[in-house]
1. Can you tell which of B:41, B:31 is farther than 29 Å from residue B:212 by Cβ and in a helix (DSSP H, G or I)?
2. Which of the residues belonging to the stretch A:70-82 are away from DNA strand F (no atom under 16 Å from the Cβ) and touching a residue at least 12 places away in the same chain (Cβ under 8 Å)?
3. Got at least one residue in the stretch D:111-129 being over 14 Å from the mean Cα position of the chain (by Cα), modelled with pLDDT of 90 or more and at negative phi?
4. Name the one entry in D:54, D:93 that is surrounded by 15 or more Cβ atoms within 10 Å (Cβ to Cβ), out of contact with any strand residue (DSSP E or B) (no Cβ under 6 Å at 6 or more places or on another chain) and within 23 Å of residue D:164 (Cα to Cα).
5. Do you know which residues across the stretch A:164-179 are in contact (Cβ under 8 Å) with a residue 60 or more places away in the chain and surrounded by fewer than 19 Cβ atoms within 10 Å (Cβ to Cβ)?
6. Given the residues C:197, C:186, C:191, which is the only one that is surrounded by fewer than 16 Cβ atoms within 10 Å (Cβ to Cβ) and within 21 Å of residue D:144 (Cα to Cα)?
7. Could you say which residue among B:70, B:35 is away from DNA strand E (no atom under 16 Å from the Cβ) and under 14 Å from the mean Cα position of the chain (by Cα)?
8. Hey, any hits in the stretch B:48-56 for a residue that's at pLDDT 85 or above, near DNA strand F (Cβ under 9 Å from one of its atoms) and within 20 Å of residue A:128 (Cα to Cα)?
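The values are calculated or read from the model by the stated rules, or taken from the named source; none is laboratory data. Computed from a predicted structure; not experimentally measured. No Cβ is skipped: glycine too gets one built from the backbone with ideal geometry, and neighbour counts run over all protein chains shown.
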DNA sequence: GATGAATGAGCATTCATTCAT
DNA sequence: TATGAATGAATGCTCATTCAT
């Protein structure tokens, strides 16, 4: 229970150590994990505290109440994303690259996050609690979803200008269609894969990416040669 | 408050007895609406009862406890779907129709449900609560998702056999990719559209269908003429 | 613990009896006793419930929260007093009686209440919590203190008009001076007499009334004969 | 927040060390103000500390716990009163003065305190919390009320011996009757005047004193000339 | 079948108190 | 001496569940 200090020397003071800088983050991590796993209402602050290695009351030193903790969790994940992708797309991706490649790089980047970081779980969480906490949903939409979609739209419009993507596609709607498989797989991972082994087979990542790319590039209809 | 029926004649036992058989269904409807709107934990049985026009205690005459009611709600929506689509696909759709058209008819049918019936809200609900109630998630997966996906898979395989769909596509994965936009739009409708007017614009249904079809058929890359 | 039913016959249903009409009053009585004894904050709802023979949660069937219960207690004592005294003074006391006698009858009446009913304890309670619950203090002032003082003022003015009471006295201020001993004794009974036997001797009721009357009638200075 | 003293010269160690001895008194002042204003239970030690310019924990360097602080506050006000008045009455008031004048000087002196120093608020506090802290009530009674009443009693007895005050008055009871208006007005100031502007009009100090004196001297019944 | 009064376990929140620094 | 992070017991309040009628 008590972290063992395997340093041979002075046996540094353990219990009740002043961790005033680390605490908030530890609490956020614990809270995020539980909120994502169980949802807002089913998460007891006592469990959050226990997981963070403190007692219930300690939480209130850092967050006014449960809702504030919840909001902080959402914002913590939102914050580092702001602008990050935009910069990446501008600087990290050759602007003369083929439009589809630019799009694909972006989707791969997001897939990485959605499938292998808490962001995926958070997306589920936000959707589940959206109607209970409208402001939070609004914030998430405005700061995450909207900018993200805008980014895709720009790539699509660029591709259309270059004559590579069909002009008939409406960028806004297409952007949502294009990312749908990412979000969907992420949600299924968070929901069914955990509880249902059958589901997880069907979500094999490699296969997913291969088919996703194929379908996205060329659609269902076979090209005539 | 309650309209009194003080008619001297036959004194038809309306209000009271009329509903005896309807009670369970009324409770289910009320519960579904609230579960979908607020989630499992945030739904109080007292509110369910009030909406159904009965008292809290009455619920327990029909359902063992809150979880049983929840399960019944999920199953109630699942039940009528079982086999229905399968039959429809066999009988209602010309088997000699073009594979893409068969697929498209199926997707339109599901879109109708997801966008305009409680099924959409239920999908959100199930995902949100999946980790809290694994058995329910399993049931939903086995009875709804799995058969549905199997249906799409068959259409895809059929299209491949006829040489219309690319043989390179793995049917299982492709099925999920193909329906992702439907589920995604449904989830967004349930989550963000309610609270964020900006979001709802971007989800215009007609535009959605047009672009969905276009993208699905031909993909992003322009066909050479 | 369980009240024994010493009736020889049918052993009437005891536990969980429907007392829907009696409950609120039982709760109010219990609450009043504890609020008066311990003050607002020091009174735990669990104790109120226990004294009323129910559990904590039951209180919330009748009162929204602790404050509502508190307010109800105050109002319950206030309510029956409204207008009662006024009527009594008009009807019950001969209007041709000597002004001092009319005043004295009124004071005796109030003394009876303050010394031998919960009203005395309530006065202490209201004063102690006035700054914490200003609205309650206002209500108490407007409904109890103000009308009561107005009553005394009228008697005084009447006495002045008849040339019995000195015209130099300002009725409003005199009214307060006249009742001060009543309130004071009541407060001391609630505060010190309970905890300090020495104090209680000094508050002997008969002696109090005799000296009160003497002092009030004739003042400290001996009358020259 | 805290004004920085960046003077280059002697750098007098003001803020920090200046107060070392003042701390307990500062804490007492802060505590008294809050106890009087809000009552015992509603006063949070954190607020006391904040008002005294220290941290919560610091309080415990000087007082064992909340109750000790409370007791200290009561005693702090009691202490300076002990014997003070007695001496004043002996030395400061001509012993050959008219008995009523001696009494009146004493009452004026007390009125000054009750109306214009924290003593008034403290009286309310003590009464409100008497049943919660019997020992404190006892101390207050023995050290403040009892000596004070004894003082008045002596003046009264003296007046009776000189044939100025009616022999029929019982000194102990009369003493309490005589001071009642002072205490009453003080209590009303602490309770209602703060929250109710109507109440404060009725408590005008000059008018109070004039009528108090008149009533006390001569009573309600007009003297025959 | 239906009611609704009553229950009691459970949770968020507060705050006096402690203690390592 | 002073700090302030941490504690934990206490308490108001909620709500699923029960049961006598």
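1. Checking each option against the conditions leaves just B:31.
2. Residues satisfying the conditions are A:70, A:71, A:73, A:74, A:75, A:76, A:77, A:78, A:81, A:82.
3. yes
4. Answer to the check: D:93.
5. A:164
6. One residue alone meets the criteria, C:197.
7. One residue alone meets the criteria, B:35.
8. Yes, the stretch B:48-56 contains a residue that is at pLDDT 85 or above, near DNA strand F (Cβ under 9 Å from one of its atoms) and within 20 Å of residue A:128 (Cα to Cα).
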